[in-house]
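What follows is one structure encoded as structure tokens, with my remarks underneath.
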Amino acid sequence: MKILLVEDSQRLLRSLGQGLKKIGYAVDLAADGEEGLALAETYDYHVIVLDLMLPGLPGLEVLRRLRARGGGAHVLILSARDRVEDRVKGLQLGADDYLVKPFAFEELCARIQALVRRRHQAKNPVIRLGALEIDAARRRVSRDGEALHLTPSEYALLELLAYQRGRVFSKEQLVEHLHRSDSDVSSNVIEVLVSGLRKKIHAHGEPPILRTRRGFGYLVE
Amino acid sequence: MRSLRTRLFVYLIGGATLVLAIGGVVLTTIVSDALQREFDRALEAKARGLIALTEREAGQIEFEFDPEHMPEFGDGDEPEYFELWLPDGSRLQRSPSFDRSDQTRAASLVKGPRPATAAAFQDVRLPDGRHGRQVRIDFVPTLDPEDEQAEAQDSDRTSSRAPVPAGSSPPTVTLLVARERERLDAGIRRLELTFLGLGAVLVLALAGLMQLALRVGLRSLERLTGEVRALDVTSLDTRVTVEAPPEEIRVVVEQVNALLARLEAGFKRERRLSSDIAHELKTPIAELRNLSEVGARWPDDQASVRQFFEDAGTIAQQMERVVVHLLALARVDEGREQVWRTPVWVAEVVDAAWKALTRDAAAKRLEFRQEISRDLRFETDAEKFSLVVSNLLANAVAYSPVGSTVVCASEETSARASVSFTNRAENLEPQDLGVMFDRFWRKDEARTGGRNVGLGLSLVRALADLLGLEVEAQLLPDRRFRITVSQPLAG
């Protein structure tokens, strides 16, 4: 899952980016409104975490322009402004959620996950693929009740394919969804990732969950 | 507590009633006295008529009274009375009215001990028991020889005679005439009752008129009261409006509106200050919280954790700066700062302040031109003036573009001495000059970066006010910004 974090506090940007990355999100960082808008218009983000008081272009203006140009990413406003009118204005301009600073990192993660589910029109945080169970709220995967230990990247890949069950993702698409925009990742990385994931989630004698469509890409059926 | 309207009504109606009562009493007294004087004049005229009937003739006093001409002294229903007394105490004549009954026959008028050459009046009880008024006149009968002949021709007259002692001085005769005064008293009572009733009607009419006048006259005040009563802390943006107010109310309306404007501005300032403080602290708290949560969750990432600790230290310094500035402002606001004036050489203060900033200035490749006269001296508090200068220079360094110049210059006139700080300011607009001394104001609303918290210029203004210095901000051509600090020169 790919997230854009637009925040003028470098320290907050750094710590949040670090935390979200360790969870398994691909996080792009922007320190001002103009850079944030440019990134939001260029890439397909699952969630955009947007501060309101930004240098250059204010957060609400970024949101307004994004929505005016048809940007469909879910937006979570992150602001020190806690007045009702600020929240109402943000939501009326097209934000999907509003979180007031200071906040708990866990809460931010939970809200981002809720927005990801909403993006995939899934209300239940638990996805079942046969004997495989993906708990998106706790970011854990189990088979027949036994926990599987996936890396954050493996989990992110599995969650993306599970949410979009039946849809074929090319390697390039997976790179775009699972890695930072400025990262120089080749499609071979995806092959390695898929290979590792298969070993962990497939059981002997059962039909594979993660399939390959030669020449097209990967999908979960 | 009674309303102003009730109070005014009570005072006005009380005053009007008192005036009417005094006026009524005075008028009643005047009219009563006039009626009584008229009554007395008529009584005296009647007495004088009887005196005219009394003559001295041939050593005798003769009184010629005809009851037909003066039937009121007869024995009618409401008779009048007279008695004529000689100097020796004997009665020469009394009116036939005394003969009405045994009671009246036995009675007599009150002569009194005091002789009265002029008419003397007194209230008496008449022989028939009625209240009456009497006049007493002591007089010397006139001498008229011609009357003797007339007496002979008129045999119907009642004539009383009394001898006058030979060789003595002319005798003084006392005449007492009395008539009832009950009708006069009844008239006066009617008059009093009429005045009383009229007064009551007038008081009632005045009360109605006063209520009407007060309602109309105090309408503006009542509207003002209603509008002021409706004001509360949530409606400070409203203004009191009273249509066509009288002068006194107009002044109150203007003052109330001015007060509301000041209150509104004060509330807004306080709200903004609270909001700014909250915001200024919220972001670093959010940073600290996330640093600690992320660091605690992945403690093995030592490079990140080390960076987080460094960030936490920077955040603490930033929060410390906010608190130190706020406390300094609070001390000035509360008047707890003492001023110790000594001669302060401005150039030395500026040099010292710039020295502390050379590292930051070098990082931005700023040039510093110090053009202050070495003789320029302020009589001021050295420590606080240094704080003013260091804040202004720190501001100039923070907001000057890379590679630009900061100029410090001085000017002295006969009236004042001043020092100015000039630097380039790319983003400042004329409207910023009015708000840049507000607490937590920063041109960049995002407040990006933690070094400047937006309290430096507020502190400069507060300290300058405390020290009696004037601070003026100007935007000059070529996007140059200047702050001038002046001290008026004594004498």
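Nothing in this text is a laboratory measurement; each read-out follows from the coordinates by a stated rule. Note that the structure is a prediction, hence the values are computed from the model and not measured. Virtual Cβ from ideal backbone geometry, glycine too; neighbours counted across all protein chains shown.
Spin-label pair B:SER292-B:LEU4: with each label point 7 Å from Cα along the Cα-Cβ axis, the two points sit 5.9 nm from one another. Of the DSSP H helices in chain B, those with a Cα length along their own long axis of 27 Å or more and a mean Kyte-Doolittle hydropathy reaching 0.5 comprise B:4-51, B:182-217.
Model label points for B:GLU472 and A:VAL88, set 7 angstrom from Cα along the Cα-to-Cβ axis, are 4.5 nm apart. When region B:55-148 is described by a simple charge dipole with +1 on each Lys and Arg Cβ and -1 on each Asp and Glu Cβ, the residue from B:LEU86, B:MET70, B:GLY59 located farthest towards its positive end is B:LEU86. The length gained by stretching the chain between B:GLN431 and B:ALA118 to full extension, at 0.36 nm per residue less their Cα-Cα distance, is 102.5 nm.
Longer than 18 Å from Cα to Cα, which of A:LYS22/A:LYS200; B:LYS355/B:LYS443; A:LYS101/B:LYS282 are they? Say none if no pair is. Exceeds cut-off: A:LYS22/A:LYS200; B:LYS355/B:LYS443.
Among A:146-157, B:381-392, the peptide with the highest mean count of other Cβ atoms within 10 Å heads the list, and the full ranking is B:381-392, A:146-157. Take each residue in B:298-304, count the other chain C-beta atoms within 10 Å of its C-beta, and the mean is 2.
Once you sort the root eigenvalues of the Cα gyration tensor of region A:1-119 as a ≥ b ≥ c, which label holds: rounded (a/c under 1.5), prolate (a/b larger than b/c) or oblate (the other case)? Rounded is the answer for region A:1-119, as its axis ratio a/c remains below 1.5. Taking the Cα centre of region B:1-116 as reference, the dipole from Cβ charges on Lys and Arg (+1) and Asp and Glu (-1) amounts to some 1400 debye.
Applying 1/(1 + (r/R0)^6) with r as the Cβ-Cβ distance of A:ASP184 and A:ASP44 and R0 = 25 angstrom yields a FRET efficiency of 0.85. The charge dipole of chain A, taken about its Cα centre with unit charges on the Cβ of Lys, Arg, Asp and Glu (plus for the first two, minus for the last two), comes to roughly 640 debye. Among B:259-268, A:96-105, B:132-141, sorting by the average number of other beta carbon atoms lying within 10 angstrom of each residue, highest first, gives B:132-141, A:96-105, B:259-268. Considering only beta bridges that DSSP places wholly inside the protein assembly as shown, some 75 percent are antiparallel. Here region B:178-228 and region A:11-69 have alpha carbon centers that stand 84 Å from each other. Largest GNM mean-square fluctuation across A:ARG118, A:ARG211, A:ARG11, computed for chain A with C-alpha springs under 10 Å, falls on A:ARG11. Charge dipole of chain B (Cα centre as origin; +1 on each Lys and Arg Cβ, -1 on each Asp and Glu Cβ, all else neutral): 3220 debye, rounded to the nearest 20. For region B:329-409, the alpha carbon convex hull comes to 90 Å³ per residue, rounded to a whole number. Using +1 at the Cβ of each Lys and Arg and -1 at the Cβ of each Asp and Glu in the protein assembly as shown, identify which of B:PRO284, A:ALA31, B:VAL228 lies farthest towards the dipole's positive end. Going by the Cα projections, it comes out as A:ALA31. Seen through its C-alpha gyration tensor, with square-root eigenvalues sorted a ≥ b ≥ c, region A:42-111 comes out oblate because a/c lies at 1.5 or above while a/b is not bigger than b/c.
Quote to one decimal, in nm, the extra length available between B:LEU212 and B:SER235 on full extension: 0.36 nm per residue of separation minus the C-alpha distance between them. Extending this stretch completely gives an extra 5.0 nm.
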